[in-house]
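*Asks:* Handing you a structure now.
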Amino acid sequence: MEKVVYVIPNLEYHKGFLKNALVNLVVTDQRIIIAHVKREMIQKAREEAKARGDGFFKRISSGWTMHERYYGMSPEDIVNEAPENFSIPLNGIKEVKLKSGNIDEGKKDEMEIKWKEKSKFSGNMNQREIKKKLSDLNIKVKGGGLFGF
């Protein structure tokens with residue numbers, strides 16, 4: 001049975017020329033699911049936090065921590081959550097490249113997934129953890145070190 005192994009939260013996904021989307025990458029033992037984050041979803045998470053009686057700061061941050069719920073969802077439910085969501089089978093991935101950004105220069109970390117269509121995801125990532133999780137799934141991972149090795 002397919003299970004969620006790791007979630008890489010709150011990344012920008014370059015959809016095309018001047019088009020970006022906020023996504024969570026959900027890594028299962030069979031595929032990577034690109035789960036789009038919508039404003040409505042963030043608002044719903046905040047309303048649920050308010051209904052639970054969470055404090056002000058916890059309510060505000062609930063939209064950015066909602067990715068944690070993916071660990072309790074089935075992969076099919078994640079894919080079907082939004083029409084823009086899609087998945088990439090692990091055996092269809094050639095390699096993943098990780099590139100460190102520079103906060104002082106305003107450059108974000110980047111992750112490039114090489115498959116039939118080249119896709120780039122950028123944002124704050126724990127590259128060491130991503131590299132380990134993907135390597136454990138036999139996905140070739142390049143970069144992610146101090147000098148990109």
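Bear in mind these aren't lab numbers, they're just calculated from the coordinates by the rules spelled out. On a predicted model such as this, the values are computed, not experimentally measured, just so you know. Every residue, glycine among them, receives a Cβ derived from its backbone with ideal geometry; neighbour counts consider all protein chains shown.
*Asks:* Can you sort PHE121, PHE17, PHE86 by how many other beta carbons sit within 10 Å, fewest first?
*Replies:* Fewest to most other Cβ atoms nearby, the residues stand as PHE17, PHE86, PHE121.
*Asks:* Now, a different point. Specify which residue in the list SER87, VAL23, ASN124 is farthest towards the positive end of the charge dipole of the range 4-143, using unit charges on the beta carbon of Lys, Arg (+1) and Asp, Glu (-1), about the Cα centre.
*Replies:* Final value for the positive-end residue is ASN124.
*Asks:* Here's something else I'd like to know. What does the extension gain come out to for SER74 and MET1, with contour length at 0.36 nm per residue minus their alpha carbon separation?
*Replies:* The SER74-MET1 span can extend by a further 25.3 nm.
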